[in-house]
Amino acid sequence: MKSKSEFVCNECGNITSKWFGKCPACGTWNSIEEQVIVSNNEPAFSKGTITKRTHAESLSKKIDSISYDDSERIKTGMNEFDRVLGGGIVEGSVTLLSGEPGVGKSTLLLQVCGLLGDSCKLLYVTGEESPSQIKLRAKRLGVNSENILIYSETDVDEIISEADIVSPSVLVIDSIQTLTDDNSSTAPGSVTQVRNAATKLIRLAKSGGMSVIIVGHVNKDGGIAGPKILEHMVDTVLYFDGEKQYSYRTLRAVKNRFGSTNEIGMFEMDSEGLCEVDNPSEYLLSQRHINASGSCTFCVMEGTRPILAEIQALVTKTTYPVPKRSATGFDYNRLSLLSAVLEKRLGINLSASDIFLNIVGGLRVDEPSSDLAACLAIVSSFRDIVIEDKLIAIGEIGLAGECRAVGNVEQRVREAVRLGFTKIVIPMKNYERSKSKIEQLKGKAEIIPVRSLFDCLKLFGNNNG
Ligand code: TYD
Ligand code: MG
C-alpha cells in the first residue's frame, strides 16, 4: 500500500499536485484542501484478470433490444414536486435537493414523506436535528405515519447498514454536509468527506433499488457548498429557492436525467408548512395596487406554464452624480440596456433619474419577453401615467426600439384572457404568424399588435419625452 496526496478545490473540484492559496482554476482564495489517496500498487485492471472474449461473447447490447419500464416512478402526490422530477421519483435514482439554509428543504421532504407514508416505507436520516425536533415539526405539518422511520446518525457506514436492514423505498439524507466517512480524516462537509459519502450512497441506490434524496446546503454564491462535484454524480439536481422576505418558493430542476429541466414547482410557506400554488399567476397578481403609475403586467413561460406577474418601476430625480439603477428579480444589465433604448430611440431623458425596477412576489425573470412591460412601467412612472390594470404587454425590445417576436405567444395570450385581461399588447410579428388562432380570442380581449416601442407608447397618447 502506498499513499500520496492531491489537492482539491472545495469550490470547483479542480485537482492540483501542490497546494495553492488561490485556486488556479476558479480563482477562489483558501479553498484548497489536501486529500490522501490510498492505492495498492496494482493497476485497477491488471491485464491478467481480463480474459479475452470472442466476438460472440461481446457484452454490449443493441439499443433496441434493451428493455425498460417507464412506470417505475414513485408518485408522491405532491403535484408540483412530481412535475419538477418529470413525473415522480424514479426507483433507484439519486436526487440532490439544494438550497440556502432555512429555505424549507427539510420541511419539503418531511411533507413528501408524509404523503408517501401511505404507500411505502421511508427512512429519514437526520444529522442536523434530533428525532424529537423532527417529531415536533412533523406534528405541526400533520405528518404521522408508521411507515416513516427517523434515524439520527452521521456516520455513512452506519446509515448504509441501517438502510440495508430497513430497506426503505426512499431514503432521505438531511444533509450531506453533516455526514462523516471513517476512511477520510478531514472534517465533515469537506470535499473528501462529501464525495466519499455520496459515492457510497449512490452505490447503495444503484444496487439496492432504493431512491435516495440528499439534501445539500448552498453557500451565498449559489454553488452547492463545497461539493460542486456532487452535481456530476447524482441523477437529478433540484434547487429550492426563495427570497427570505417572501413566503413564495420555487423548486426547479437544474439537472435531470429522467425528465426536462424546464419545469418549475411553486410553493408558499405558511404556518402549516409548504402549500402548493396551483395557480401562480393569480397568486402573484393578488396584491396588485390598482391605479398606481409605474406598474405593468407581463407573462413569462416557466417550462410549459405561462405565468403572469407584475413589474413595478419607480423613476425619481437623482441626488447622485451618476444616476442609480436597481433591479430586483430582473437582470441589471438588461435594465441599463432598456433605459438606453428609451433615451436614444424615444428621446426620454432618464440620465437625471434613478430607476428602481422590481418583479413583484419574488419571481426572478430571465426571459426577454418582459422587456416591453419593463419599458412601459418605466415610462409610466416617469410621466406619472397610470397603465390600465387590464392591460398586459408581451414582447422583447431590440436595440433599435423594435418589438421582437417571442415564443409561445398563444399560450401566453390564453392565460391572460383566462385571468380576465382585456387589452393584450403583443409583437406584430407574432400576430402575423398566428393570426388565425389569435383572432379566435378576439371576442374576449382586444389584441393590440405593435411593431415598436414607439408604436406602443402611442397607445398612451403623447410620445415625446
Ligand atoms: P427548514 O425546512 O428547516 O429549512 P432547511 O432545511 O432548508 O434549512 O425550514 C425552516 C424555515 O421554514 C424556518 O425559518 C421556518 C419556516 N417554516 C414555516 O414557516 N412554517 C412551517 O410550518 C415550518 C415547518 C417551517
Ligand atoms: Mg434542514
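The values are calculated or read from the model by the stated rules, or taken from the named source; none is laboratory data. Since this is a predicted model, take the numbers as computed values, not measurements. No Cβ is skipped: glycine too gets one built from the backbone with ideal geometry, and neighbour counts run over all protein chains shown.
All conditions in (1) over 16 Å from VAL365 (Cα atoms); (2) assigned to a helix (DSSP H, G or I); (3) touching a residue at least 24 places away in the same chain (Cβ under 8 Å) hold for LEU337, with the sole exception of (1). Would you check if there is a residue in region 429-450 being touching a residue at least 40 places away in the same chain (Cβ under 8 Å) and within 34 Å of the chain's Cα centre (by Cα)? Yes, region 429-450 contains a residue that is touching a residue at least 40 places away in the same chain (Cβ under 8 Å) and within 34 Å of the chain's Cα centre (by Cα). There is no residue in region 79-89 that is of a type outside the set (A, V, I, L, M), at pLDDT below 85 and out of contact with any strand residue (DSSP E or B) (no Cβ under 6 Å at 6 or more places or on another chain). Quick one: would you say THR319 is under 21 Å from the mean Cα position of the chain (by Cα), among the β-branched types (Val, Ile, Thr) and surrounded by fewer than 18 Cβ atoms within 10 Å (Cβ to Cβ)? For THR319, the condition - under 21 Å from the mean Cα position of the chain (by Cα), among the β-branched types (Val, Ile, Thr) and surrounded by fewer than 18 Cβ atoms within 10 Å (Cβ to Cβ) - is not met. Residues that are surrounded by fewer than 16 Cβ atoms within 10 Å (Cβ to Cβ), away from ligand 2 (no atom under 16 Å from the Cβ) and more than 29 Å from ALA187 (Cα to Cα) do not occur anywhere in region 149-159. Among what's in region 108-142 and is surrounded by 20 or more Cβ atoms within 10 Å (Cβ to Cβ) and under 21 Å from MET266 (Cβ atoms), pick the residue that is farthest from ligand 1 (Cβ to nearest atom). In this case the residue turns out to be LEU116. Taking the condition of being over 15 Å from ILE37 (Cα atoms) and in contact with a strand residue (DSSP E or B) (Cβ under 6 Å, 6 or more places away or on another chain), how many residues in region 191-215 meet it? Adding up the residues that qualify gives 9. For the residues ASN349, ASN291, ASN333, the requirement of being surrounded by fewer than 14 Cβ atoms within 10 Å (Cβ to Cβ) and at positive phi singles out ASN291. Is one or more of the residues making up region 286-306 more than 24 Å from ALA393 (Cα to Cα) and not in a helix (DSSP H, G or I)? For region 286-306, residues more than 24 Å from ALA393 (Cα to Cα) and not in a helix (DSSP H, G or I): absent.
On the stretch given as region 337-354, residues that are out of contact with any Ser or Thr (no Cβ under 7 Å at 6 or more places or on another chain) and over 14 Å from GLY401 (Cα atoms) total 2.
Restricting the search to helices (runs of 4 or more DSSP H) fully inside region 401-465 and requiring at least 3 residues that are surrounded by 17 or more Cβ atoms within 10 Å (Cβ to Cβ) gives 409-418, 428-433, 453-458. Within region 348-364, being touching a Phe, Trp or Tyr at 6+ places or on another chain (Cβ under 6 Å) and of a type in the set (Val, Ile, Thr) holds for one residue alone: ILE359.
Scoring PHE258 on the criteria (1) without any contact (Cβ under 8 Å) to a residue 12 or more places away in the chain; (2) touching a strand residue (DSSP E or B) at 6+ places or on another chain (Cβ under 6 Å); (3) part of a loop (DSSP other than H, G, I, E, B) leaves a single failure, condition (1). The residue that is nearest to ligand 2 (Cβ to nearest atom), among those in region 90-148 that are of a type in the set (Ser, Thr, Tyr) and touching an Asp or Glu at 6+ places or on another chain (Cβ under 9 Å), is SER106. In region 278-287, is there at least one residue being over 12 Å from ARG83 (Cβ atoms), crowded, with 16+ Cβ neighbours inside 10 Å, in contact with a Cys (Cβ under 8 Å, 6 or more places away or on another chain) and of a type in the set (A, V, I, L, M)? For region 278-287, residues over 12 Å from ARG83 (Cβ atoms), crowded, with 16+ Cβ neighbours inside 10 Å, in contact with a Cys (Cβ under 8 Å, 6 or more places away or on another chain) and of a type in the set (A, V, I, L, M): absent. Within region 207-237, take every residue that is aliphatic (A, V, I, L, M) and either more than 16 Å from ligand 2 (Cβ to nearest atom) or in contact with a His (Cβ under 7 Å, 6 or more places away or on another chain) (or both) and give me the one that is modelled with the highest pLDDT. Looking at residues that are aliphatic (A, V, I, L, M) and either more than 16 Å from ligand 2 (Cβ to nearest atom) or in contact with a His (Cβ under 7 Å, 6 or more places away or on another chain) (or both), I get VAL212.
Residues in region 85-107 that are closer than 24 Å to GLY209 by Cβ, among the hydrophobic types (A, V, I, L, M, F, W, C) and within 16 Å of ligand 1 (Cβ to nearest atom): 2 in all.
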